[in-house]
Each structure stands twice: as C-alpha cells, then as structure tokens.
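The values are calculated or read from the model by the stated rules, or taken from the named source; none is laboratory data. These numbers come from a predicted model, not from an experiment. Here the Cβ positions follow ideal geometry from the backbone for every residue, glycine too, while neighbour counts run over all protein chains shown.
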Amino acid sequence: MTFAMLLRRLGALVVTVLLVSVATFLAMRLVPGDPARMIAGPEAPAEVVEAIRRDWGLDDPLHIQLGRFLVGLATGDFGDSYRTRGPVWDEVKTRLMPTFLLSVTGLGLALTFGIAAGVLAAIRRGTVLDTGLSVVSTLGISLPVFWVGILLMMFFAARLRWFPSSGWGSWQHLVLPAFSLGVGFFASISRMTRSSMLEVLQDDYVRTARAKGVPRVKVLLKHALRNALLPIVTIAGLEFGRLLGGAVITESVFAWPGMGTLMVNSVKFRDYPTVQACVILLAICIAVSTFLSDLLNLYVDPRLRRG
Amino acid sequence: MAVFLRRFRRHTSGMVGFAIVLLICLAVLAAPVLTRGADPLAVDLANSAQRPSAQFPLGTDEMGRDLLTRVIAGAPISLSIAVVGVLLAMIPGVWIGLLAGFYEGRIGGWLMRSIDALVAFPRILLAMVIISIAGTGISQLMFAVGLSSIPIFARVMFVTVQSVRHRDFVQAAAALGARDRWILWRHILPNAFAPILVQASLGIATSLQIAAGLSFLGLGPPPPSPEWGAIIDGGRTLIRQQPMVIIAPGLAIAMTVLGFNLLGDGLRDTLDPRLKR
C-alpha cells in the first residue's frame, strides 16, 4: 500500500462519513410530525411555530436545507436539541472523552487477553487448554454484553465491593465497564489469533528459524506472531464499530456519562438532532479506526509499503 | 442431502446447537403446559422480589410476578422478534446482493460500497436510529432489527454471486442464450442457498442479542411484556434481593444465542466445506 493508496482510502472514508450524514439528514424527514412543532414544544401557539419555521429555514427547499446542514457540520454545528433547546454540540462534547476512554480500554483488554489466549491455543493445539479456550470464546460471543455487565456488577461491586457499581470519576470506575465490553471482543480476537497463528506456524520460515536453533519463544513472538498479526489488526479495525455498539449498551448499564447514555436517552425522547449528531460522530470514529488499522498494518508489515 | 446429514451428524458442536434450538422450539410450543396456565402478567405486590421457593421455582420479580412463567412466556416473544427480523432482512438483502453482484458496473459497485460502509457500522446503532424515527414497541423493534440486518445479507449474497458468476456453468448458460432471469433463478440462486441459510442461523443469534439489548435499554416492547431483555431491565434494582430476575432471563438469552451460533457454524462447516474456517 503506497502513499497514494492511503490517500485514496482516506478519501473513501470521508465519502462514507458524508454519506452517513446525508442519510441521517434524509431519514430525519421521515420522522412523523412537524420539526418546527418539535422545536417549539407541544403547547406553543401556532404563530410561534410559524416563526420558528421561518427563522430556521424549515420551509426552504430540501437541497438548500441539506446544504446548510452540511456546512453546519463542517463547522461543528450539529443543530439544536429538541430536549434542551440548546446546541447539540454543547451536550455531545463532554461525552466524547468517556466513550473514547471506555472503548479504547475495552479494546486494549480484549487485544491483550485475546492475542495471548489465541497464541496459547495455537501452540497447544488439540489439548484440553485449546478446547477449553474455544469453549470460552464461543460462550463469550453468545453472552449479551449488558448481562455480563450486570453480572460483574453483582459480583464485584455489590458483593465483594472491590469496584464502584456505576458512575465516573476514578480508574476504579472504569474497570467493570471495560471488562464487560471486552468479553465479546476478546472472543473474536482469540479465535482469529488462533487460526492465523496456526496458518503461520506451518510456514517455511518458521521451520527454518526452528531448525537453525532460534529459541522457541523468539520464533513464536518474532517470526510467527508478527506475521499472524496482520489479519488481526485488520479485523480489530473493522470490528471496532461493533465494539462501539457494545459501548452504547455498556454505558447504560454502568451509568457511564458517554455518548451511549446520551444516545439512548435521546432516542427515548425522540430528540432526533442529538441522535443524528451521535451517529455521525460514531461514524467518524469508525472511519478513523479503519484508517488507523491500515496504518498499523503498514507499520507491522514493511512489504505493504512497497505496494 | 444424505451426505450433508451424515456429515452434520458427526459435527459435535453443530449437533449441540441443533439440540439447543430444538429444545427451545419445543419449549415455545409447550409454553402453555409448562406454565400450567399461569398468567405471566399477574401482579402480586405482596409477593414481590421473592427468592426461589416451592411456590415460585425461580422466585418472583419486582412486581411479584412468577419469574419462571415470565421467562417461558418470553421465549416466543424474543424468538419471534429475531426470526421475523431475519425474514424481513433476508428478502431485500438477497435481492440487493443478487442484483448488485450480477449487474456489476457502476451502480452495482456503488451499491456494494455503501453496503460495505453499513456493514462496518454497528447494527445496534442502525436499529436505534430506526427506533428514534419509528418509536418504541414490539413491531417497531422487529422492523428495526430487520432493517438493520439487510446489509449483512446483501453482503453475503453479493460475495456468493461474485464467486459463481464467472464459473463455466453460468457462462455456458449465457452462451446458450439463457435470459438473465433464468440464469439468476436457476444457476445463481441455488448456489447461494447454503451461505444464506448459515447467515440466517447466525443472524437469528445476533438479532436476538440486539433485540434483547434494545429492550433492556427500554427501547423495546413496553413494561409488562416478558421479553427477556425487558425482564432484566425490570430486575436491575433487585441485584441484592433477587438476583434470579437477572440471571434466569440472561441465561435464556445466552443459551438461545449459543444454540443458533453453534447451529450456524455447524451448517457452514458441513453444507459447504469450502467455507470452512
């Protein structure tokens, strides 16, 4: 992958985010009810609704409204919330950091344990350990994330009192949400690592390295794992979206003040502008993570740099 | 078919999945017998949050309703949301994938590129956007779960069409002057049967998780409904007094999801060994 290819990827991602924005804008037109009425509130007199319609340009043709919306987005203006009546951005901006912290920690935990488990399963192929790990990962994929969260809360917060059960403030608050978020992701990473490692371990250079007497650990980590990492990095980047989806639910379990809790509340209130802002921001996060995984692959595998 | 059955019977985890799914279907059919006609919605505040006892095998929930009855009564609800959702997704998904894959060109390429972007986007968020437009309720939830899984079906179909459309038997049919519709119907669609069936089974599993998650967030059927995720949501305050309200429906979700996941994996390994991972 050369520089030009990377640029093309970046361009495609920008287009994706743009498409998501336009789609959410158009979807908003499907919301039953009059947006001017939603902004004014149910008791407002008809003149007020009319005034809002005029002031906000809601009677302009669709393409002009769309243009205004996109220009707004470019300058960080996501419109006004139906619930608070204030700019959506004011509410969203404090929520970015918690969600980022939670998902990155969850991802880190899942990658650390997942890769370790996958490597172990691959080198002990066919043993009880391998079977046990595969059972654990199959279970991990099947457990609903919110349920894992409540169970962890039940055991480690309510019974053992090791960690606070909910809220935000210290690193202890992060432990339970991050682990519950990591479980499902751990499962897919460890599966992927196992099959990727098994493939690589059969390659000639691994046999050569062993034959010339390179220490076993070094063969595993330097020769095998580094090559096995490529598909894992790609999958991790692609699946980051699923992780963010899980974060939305996990946040609600632990009253974590991120985008997820904001989004759930906004969906309940039918506060569409806020939902829209969350969706667009999450789409940007997903696009960035795919791009980062491309970059990371370039770093891990110098062969790709030559294109 | 006989070959497939023989292979599937030897596939241990696939058979386990099949057994679980069968068991759950039986439980759904036998629900009235299992609950002995008890009402899953009958409120009895005098008996709220009871621990398991002879009278209430799993105890009661926050409103004094019998938990076992509710979990059993929830099975048809949770299952039907997932199954209807998958059926809703399958038909448009298969068509989009089929047409985009067969008529490549500019439009097909663009269509597939947007589908790819949607596949990377978390399904639960798509479903939430749909709910914020359509509102909450059981049919809205089915609709949201269904619409949000169209992209994955389109993707599976697209990949399948791409893999067969340049094969000899398709080329031969085209050379013989077969019309597009005939080729699609007789030569391409049958080849997609296996991957779509596999995706249907795996799709029911993820749809169940997503539907339960949305109900748990209060975006599913309204309160008295014994949908599994909704029961757990109701039991959130009972973590100490009656943890069964959380454990039992959660186990039910996990078992069902596990069953469909194992069944799907087993079908993939045996229906089409080329797809084996």
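Quick grid of which residues meet (1) closer than 20 Å to residue A:261 by Cβ; (2) among the small types (Gly, Ala, Ser); (3) within 14 Å of chain B (Cβ to nearest Cβ); (4) in contact with a strand residue (DSSP E or B) (Cβ under 6 Å, 6 or more places away or on another chain):
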site: A:141; (1), (2), (3), (4): no, no, yes, no
site: A:149; (1), (2), (3), (4): yes, yes, yes, no
site: A:168; (1), (2), (3), (4): yes, no, no, no
site: A:173; (1), (2), (3), (4): yes, no, no, no
site: A:176; (1), (2), (3), (4): yes, no, yes, no
site: A:180; (1), (2), (3), (4): yes, yes, yes, no
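Scanning the stretch A:242-258 for residues that are touching a residue at least 24 places away in the same chain (Cβ under 8 Å), within 10 Å of chain B (Cβ to nearest Cβ) and among the aliphatic types (A, V, I, L, M) yields A:243, A:244, A:247, A:249, A:253. Answer yes if at least one residue in the stretch A:22-39 is more than 12 Å from chain B (Cβ to nearest Cβ), more than 22 Å from the chain's Cα centre (by Cα), under 29 Å from residue B:126 (Cβ atoms) and among the charged types (D, E, K, R), and no otherwise. Checking the stretch A:22-39: at least one residue is more than 12 Å from chain B (Cβ to nearest Cβ), more than 22 Å from the chain's Cα centre (by Cα), under 29 Å from residue B:126 (Cβ atoms) and among the charged types (D, E, K, R). Within the stretch A:70-98, which residues are outside any helix (DSSP H, G or I) and touching a strand residue (DSSP E or B) at 6+ places or on another chain (Cβ under 9 Å)? Of everything in the stretch A:70-98, those that are outside any helix (DSSP H, G or I) and touching a strand residue (DSSP E or B) at 6+ places or on another chain (Cβ under 9 Å) turn out to be A:77, A:78, A:79, A:80, A:81, A:86, A:87. Considered as a group, the residues in the stretch A:151-166 that are in contact with a Ser or Thr (Cβ under 7 Å, 6 or more places away or on another chain) and at pLDDT 85 or above include one that is farthest from the other protein chains (Cβ to nearest Cβ), and that residue is A:152. Taking the criterion of being under 16 Å from residue B:165 (Cα atoms) and loosely packed, with under 14 Cβ neighbours inside 10 Å, the residues of the stretch B:105-116 that qualify are B:105, B:109. Cβ separations smaller than 7 Å between residues 6+ apart or across chains give the following pairs from the stretch B:114-135 residues that are at the interface with chain A (Cβ under 9 Å from one of its Cβ atoms) to residues that are assigned to a loop (DSSP other than H, G, I, E, B) and at pLDDT below 85: B:132/A:270; B:133/A:30; B:133/A:31. Here the condition is being without any contact (Cβ under 8 Å) to a residue 12 or more places away in the chain, assigned to a helix (DSSP H, G or I) and hydrophobic (A, V, I, L, M, F, W, C); of A:135, A:200, it holds for A:135 alone. If you go through the stretch A:284-303, how many residues are touching a Gly at 6+ places or on another chain (Cβ under 9 Å) and of a type in the set (A, V, I, L, M, F, W, C)? Residues in the stretch A:284-303 being touching a Gly at 6+ places or on another chain (Cβ under 9 Å) and of a type in the set (A, V, I, L, M, F, W, C): 5 in total.
A single member of A:198, A:244, A:230, A:176 is at pLDDT below 85 and either touching a Phe, Trp or Tyr at 6+ places or on another chain (Cβ under 9 Å) or among the aliphatic types (A, V, I, L, M) (or both), and it is A:230. The condition of being within 22 Å of residue B:253 (Cβ to Cβ), crowded, with 17+ Cβ neighbours inside 10 Å and of a type in the set (Gly, Ala, Ser) does not hold for residue B:97. The set of residues from the stretch B:170-186 being over 19 Å from residue B:96 (Cβ atoms) and assigned to a helix (DSSP H, G or I) comprises B:170, B:171, B:172, B:173, B:174, B:175, B:182, B:186. Within the stretch B:92-113, the residues that satisfy the criterion of being without any contact (Cβ under 8 Å) to a residue 24 or more places away in the chain and not hydrophobic (A, V, I, L, M, F, W, C) are B:103, B:104, B:105, B:106, B:108, B:109, B:113. Quick one: in the stretch B:210-234, which of the residues that are facing chain A (nearest Cβ under 8 Å) and free of Cβ contacts under 8 Å to residues at least 24 places away in the same chain is surrounded by the most Cβ atoms within 10 Å (Cβ to Cβ)? This residue is B:216. Filtered by the rule that a residue be among the small types (Gly, Ala, Ser), buried (at least 22 other Cβ atoms within 10 Å of the Cβ) and within 14 Å of chain B (Cβ to nearest Cβ), the stretch A:213-240 gives a lone residue, A:236.
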